[in-house]
Amino acid sequence: MRKSLATMALLCALAFSSTSCLAGPFRLSRTWDDFWNQKYTESAWIHGALLGTIIPVYPFVGGFAYLADAIVLNTYYFWAKDAWDNKGTGFNHKALSGASKSVTGTGME
């Protein structure tokens, strides 16, 4: 009985610490997204169709980056920096270089 209570307490603590960090700067996944965005502007067929859909390299790496952000980095930023002064840490996206077309917002305007 004690072992199951200790296990439940540990699981609750892990759930609390991980769900509090589903928001944050997401540095790894947003950096990966910026890289993919830049490569897509250079070659839509290779980086959009081939590596994004047919051989899903970019989505898999992006998924791992998202998990690393949610489990490690966002936890650090939330508990070490953001929770105490109630000011969230932002992420500055890298500007595209050499893109002939780009959109802002939803791109539907």
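Structure data summary
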quantity	calculated
Residue within the range 65-81 that is at pLDDT 90 or above, among the basic types (Lys, Arg) and either part of a helix (DSSP H, G or I) or over 18 Å from the mean Cα position of the chain (by Cα) (or both) present	no
Yes/no for residue 39 being outside any helix (DSSP H, G or I) and modelled with pLDDT of 80 or more	no
The one condition in (1) at positive phi; (2) touching a helix residue (DSSP H, G or I) at 6+ places or on another chain (Cβ under 7 Å) that residue 105 fails to fulfil	(2)
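The values are calculated or read from the model by the stated rules, or taken from the named source; none is laboratory data. All values reported here derive from a predicted model rather than from experimental measurement. Reconstructed Cβ throughout: ideal geometry from the backbone, glycine too, with neighbour counts over all protein chains shown.
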